[in-house]
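Undergrad: What follows is a structure written as structure tokens; I'll ask about it next.
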């Protein structure tokens, strides 16, 4: 499998232990993280021309990813 940029551990490299801990101990965080990774893979497939999508669709997905990333970042700040 190819590298998918913008994964959580890549976006928050110093928070890897906290991310792992929250994925196990916080069901809400685990759902957010899974949603983020799923969206990120979908965006990667579109950008790699594996899956067709309109520019509007791609931009909407990127906005959703950013919103999830912001929520995850806030939870990481609280957990640190």
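Undergrad: In the range 21-61, what residues are under 13 Å from residue 79 (Cβ atoms) and surrounded by fewer than 12 Cβ atoms within 10 Å (Cβ to Cβ)?
TA: 24, 25, 28
Undergrad: Right, another one. Within the set of pairs 6+ apart or on separate chains, which have a first residue in the range 1-22 that is free of Cβ contacts under 8 Å to residues at least 60 places away in the same chain, a second that is in a loop (DSSP other than H, G, I, E, B), and C-beta atoms under 8 Å apart?
TA: 2/48; 19/12
Undergrad: How many residues are in contact (Cβ under 8 Å) with a residue 24 or more places away in the chain and in contact with a helix residue (DSSP H, G or I) (Cβ under 9 Å, 6 or more places away or on another chain) when one looks only at the range 29-53?
TA: 9
Just so you know, all these numbers are worked out from the coordinates, no wet-lab data involved. Everything numeric in this text was worked out from a predicted model, so none of it was measured. Here the Cβ is made from the backbone with ideal geometry for all residues, glycine too, and neighbour counts use every protein chain on show.
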